[in-house]
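Beneath this line is the structure, given in structure tokens, with notes to follow.
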Protein chains: 2
Amino acid sequence: MGIQEIAQATGLSKATVSRALRGLPTVARPTIDQVRRVADELGYVPSSAAAGLATGRQRAVGVVVPVIDRWFTAKALGGVDAELQAAGHDLVLYNLGGPGGDRHRAFRRTMLRQRVDALVLLSLVLDETERRELQVSELPTVVIGGPARDLRNIGVDDHEVAALAVTHLVELGHRDVAYVGGQDEAGFSVAVPYRRRDGFTEAMARAGASVRPTWYADGRFSFAGGVAAGTALLDVAARERPTAVVCASDEMALGVVVAAHRLGLDVPRDVSVTGVDGHEYGEVLGLTTVAQDPEAQGRVAARTVVLEAQGASPGPLPPSAARLVVRRTTARPSR
Amino acid sequence: MGIQEIAQATGLSKATVSRALRGLPTVARPTIDQVRRVADELGYVPSSAAAGLATGRQRAVGVVVPVIDRWFTAKALGGVDAELQAAGHDLVLYNLGGPGGDRHRAFRRTMLRQRVDALVLLSLVLDETERRELQVSELPTVVIGGPARDLRNIGVDDHEVAALAVTHLVELGHRDVAYVGGQDEAGFSVAVPYRRRDGFTEAMARAGASVRPTWYADGRFSFAGGVAAGTALLDVAARERPTAVVCASDEMALGVVVAAHRLGLDVPRDVSVTGVDGHEYGEVLGLTTVAQDPEAQGRVAARTVVLEAQGASPGPLPPSAARLVVRRTTARPSR
DNA sequence: TTGAAAGCGCTAACAC
DNA sequence: GTGTTAGCGCTTTCAA
């Protein structure tokens with residue numbers, strides 16, 4: 001059952017068994033082999049609780065997500081998981097969304113119960129209380145996607161992301177460009193949408209093109225929201241219609257494309273559409289987008305916090321790349 | 001720092017503090033309040049490792065998923081999480097997919113390290129080794145989606161799911177119906193696709209309609225796969241073309257719809273399409289589908305294993321409902 | 001290279 | 001209602 005039984009079976013001491021199981025170099029090779037064999041025969045299962053109690057390290061990291069069923073969340077989670085697996089750590093998932101959605105609960109220090117050695121936060125916006133709890137916990141923390149004051153952050157440059165799309169469209173000759181962004185209904189960082197919108201506005205200004213106030217639409221970062229926003233933007237007289245729509249996510253962009261089709265408009269002839277992310281659906285449907293790699297971001301975040309939890313102090317995080325992927329939803333404007 | 005400090009600060013014993021913190025009824029009300037207040041002031045954080053060691057229960061359940069970025073996975077995970085939150089348990093995520101994807105690793109008893117009190121398995125097919133490890137671990141286990149021998153299972157009746165779609169189409173007058181199913185590339189249960197396909201075949205037979213062997217296509221349970229399968233099925237002379245396509249998932253069905261459009265076919269005039277799931281995209285796009293509720297399945301699974309871990313023996317699991325949702329991708333055949 | 005012994009922070013009898 | 005006393009199963013000095 002425990003290390004004790006193995007000690008008895010082998011005639012060794014608990015201490016040596018413990019060392020052998022962990023493969024410490026101070027143990028004779030044959031001893032290690034013997035211990036491991038016996039452990040296997042006995043069906044030994046180490047107790048993470050006991051090890052955790054003794055060492056103070058749980059070999060687990062917590063991942064806090066605002067919602068679970070979003071493309072970005074799932075991809076980033078995959079990256080974090082891959083890295084944690086490699087490091088031999090477990091992943092404890094804290095989902096703030098969901099019914100009841102008691103956000104604060106997740107951050108109360110009693111909730112963490114010292115179950116994890118570090119934290120990865122997914123594109124969350126933290127309030128004062130949450131920030132304080134994190135501070136107190138003293139857990140190594142990295143935020144993915146969306147800058148958070150006082151916390152290490154990894155993600156694409158959201159200003160640049162929007163600017164890349166605008167530059168592409170302007171080069172094609174577009175001047176009348178609309179924007180679909182908006183707040184995610186469920187707790188995504190406020191920062192991301194705002195920064196992308198600002199990046200859009202500034203890039204447009206740089207190009208000497210003005211944006212009508214009515215050409216900023218709210219797509220709620222969802223497909224359905226994109227359809228609604230697209231319809232609002234495009235269901236107007238041709239001369240009132242933008243020739244291109246920049247969307248802050250692929251899902252919204254796909255919604256805008258659908259809206260265009262429903263209105264009998266051709267994409268990209270009547271209207272160009274761009275997204276952000278690199279969603280698989282967009283690839284199949286030929287959506288021009290500014291692609292990012294949330295999985296890579298997740299991996300970097302996980303690696304960083306694990307190292308930190310082990311006492312290392314990893315240097316500054318590398319910026320995440322975003323690159324324009326031109327496909328079939330953008331073209332020169334027809335007027 | 002620990003319970004000890006609180007004991008000192010209050011002049012109580014460790015035992016009483018422990019009881020007060022847990023709100024046991026044997027403690028005087030004022031004592032409870034005092035202890036909690038002091039704990040708060042001291043910034044006390046309970047140690048799950050210590051509690052786990054002492055009680056043998058970790059207040060955590062493991063969720064094993066084959067892949068993380070699938071609609072079903074994310075939804076079910078959300079349901080499991082909601083229930084675990086309510087029960088005050090943590091969720092430890094084990095992802096079998098991902099790079100390296102060392103499936104076995106996840107099941108080796110050493111991996112579980114006694115970190116969880118129970119397991120929820122998401123639509124996995126287990127091999128002999130894995131099954132044995134589970135048996136040995138003696139952890140309460142429930143499998144969601146896809147029957148697994150010797151394990152409690154929750155999910156829709158996959159036979160019925162396909163039959164519902166067929167019945168609907170046959171009632172509309174369809175006789176020439178194709179099927180898009182296939183294996184998920186990444187470890188989904190083999191059982192689900194097979195059972196749905198069999199349900200389809202049997203329902204067709206019951207209706208007195210035969211299915212051409214070439215009308216079974218592999219959509220790999222993905223959107224891109226659906227496009228490919230749809231193209232293969234529909235890019236033929238009109239008389240060789242099925243008048244309807246039953247798909248084993250909404251994502252594949254959406255792919256088939258896209259394929260049809262690309263071939264200049266109108267849905268549902270030229271071809272009817274049905275899916276399975278209840279994906280949000282399908283709702284927006286008017287996809288007729290057999291909807292299921294993975295979130296509810298997740299909740300039931302979580303509740304069941306938690307109860308079992310607490311010593312209760314919950315009765316048999318209620319079957320999960322699947323219901324036909326008729327929208328705009330199905331109609332009478334035009335020939 | 002191995003052993004003995006002292007905890008890690010909490011819970012659970014068992015007394016009082 | 002509260003206190004005392006053993007552990008839970010491991011790791012880690014310190015010796016040998």
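The values are calculated or read from the model by the stated rules, or taken from the named source; none is laboratory data. Quantities reported herein were computed from a predicted structural model and do not represent experimental measurements. As a convention, Cβ positions derive from the backbone with ideal geometry for all residues, glycine included, and neighbour counts pool all protein chains shown.
Here are the numbers for this structure:
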{"read-out": "Residue in the range A:46-56 that is more than 7 Å from DNA strand D (Cβ to nearest atom), among the hydroxyl-bearing types (S, T, Y) and surrounded by 11 or more Cβ atoms within 10 Å (Cβ to Cβ) present", "value": "yes"}
{"read-out": "First in the range B:212-235 and within 11 Å of chain A (Cβ to nearest Cβ), second anywhere and hydroxyl-bearing (S, T, Y), Cβ under 6 Å, 6 or more apart", "value": "B:F223/A:Y281"}
{"read-out": "Total residues in the range A:18-42, condition near DNA strand D (Cβ under 9 Å from one of its atoms), hydrophobic (A, V, I, L, M, F, W, C) and surrounded by fewer than 18 Cβ atoms within 10 Å (Cβ to Cβ)", "value": "1"}
{"read-out": "Pairs where the first residue, in the range A:52-76, is under 13 Å from A:A309 (Cα atoms) and among the charged types (D, E, K, R) and the second is part of a helix (DSSP H, G or I) and more than 10 Å from DNA strand D (Cβ to nearest atom), C-beta under 8 Å, 6+ apart", "value": "A:R57/A:A309"}
{"read-out": "Selection count where residues are closer than 30 Å to B:R206 by Cβ and surrounded by 24 or more Cβ atoms within 10 Å (Cβ to Cβ), scope the range B:118-142", "value": "1"}
{"read-out": "Hits in the range B:157-207 - residues which are β-branched (V, I, T) and in contact (Cβ under 8 Å) with a residue 40 or more places away in the chain", "value": "B:V161, B:V166, B:T167, B:V177, B:V180, B:V190, B:V192"}
{"read-out": "Strands (runs of 3 or more DSSP E) contained entirely in the range B:182-298, each with at least 2 residues that are at pLDDT below 95, hydroxyl-bearing (S, T, Y) and surrounded by 20 or more Cβ atoms within 10 Å (Cβ to Cβ)", "value": "none"}
{"read-out": "Test for A:P66: is it within 15 Å of DNA strand D (Cβ to nearest atom), crowded, with 17+ Cβ neighbours inside 10 Å and of a type outside the set (A, V, I, L, M, F, W, C)", "value": "no"}
{"read-out": "Residue under evaluation B:L93, criteria (1) in contact (Cβ under 8 Å) with a residue 40 or more places away in the chain; (2) more than 12 Å from DNA strand D (Cβ to nearest atom); (3) aliphatic (A, V, I, L, M), criterion not met", "value": "(1)"}
{"read-out": "Condition check for A:V271: over 19 Å from A:L122 (Cα atoms) and in contact with a helix residue (DSSP H, G or I) (Cβ under 6 Å, 6 or more places away or on another chain)", "value": "yes"}
{"read-out": "Selected residue (criterion: farthest from B:R299 (Cα to Cα)) from residues of the range B:53-68 that are facing chain A (nearest Cβ under 7 Å) and in contact with a Leu (Cβ under 8 Å, 6 or more places away or on another chain)", "value": "B:L53"}
{"read-out": "Filtered residue count, the range A:102-118, keeping only those that are at pLDDT 75 or above, more than 10 Å from chain B (Cβ to nearest Cβ) and either more than 19 Å from the chain's Cα centre (by Cα) or in a helix (DSSP H, G or I) (or both)", "value": "1"}
{"read-out": "Criterion violated by B:V161 - all others in (1) surrounded by fewer than 23 Cβ atoms within 10 Å (Cβ to Cβ); (2) over 30 Å from B:A60 (Cβ atoms) satisfied", "value": "(1)"}
{"read-out": "Tally of residues being small (G, A, S), away from DNA strand D (no atom under 12 Å from the Cβ) and within 14 Å of another protein chain (Cβ to nearest Cβ) across the range B:1-17", "value": "0"}
{"read-out": "Some residue of the range A:41-50 being within 10 Å of chain B (Cβ to nearest Cβ), under 31 Å from the mean Cα position of the chain (by Cα) and modelled with pLDDT of 95 or more", "value": "yes"}
{"read-out": "Search result, residues across the range B:119-153 that are part of a loop (DSSP other than H, G, I, E, B) and under 14 Å from the mean Cα position of the chain (by Cα)", "value": "B:S123, B:V125, B:G145, B:G146, B:P147, B:A148"}
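Per-residue answers, yes or no, for (1) more than 30 Å from B:D184 (Cβ to Cβ); (2) more than 11 Å from DNA strand C (Cβ to nearest atom); (3) in contact with a strand residue (DSSP E or B) (Cβ under 6 Å, 6 or more places away or on another chain); (4) not acidic (D, E):
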{"site": "B:E5", "(1), (2), (3), (4)": "yes, no, no, no"}
{"site": "B:T10", "(1), (2), (3), (4)": "yes, yes, no, yes"}
{"site": "B:L21", "(1), (2), (3), (4)": "yes, no, no, yes"}
{"site": "B:V27", "(1), (2), (3), (4)": "yes, yes, no, yes"}
{"site": "B:R37", "(1), (2), (3), (4)": "yes, yes, no, yes"}
{"site": "B:E41", "(1), (2), (3), (4)": "yes, yes, no, no"}
{"site": "B:S47", "(1), (2), (3), (4)": "yes, no, no, yes"}
{"site": "B:V61", "(1), (2), (3), (4)": "no, yes, yes, yes"}
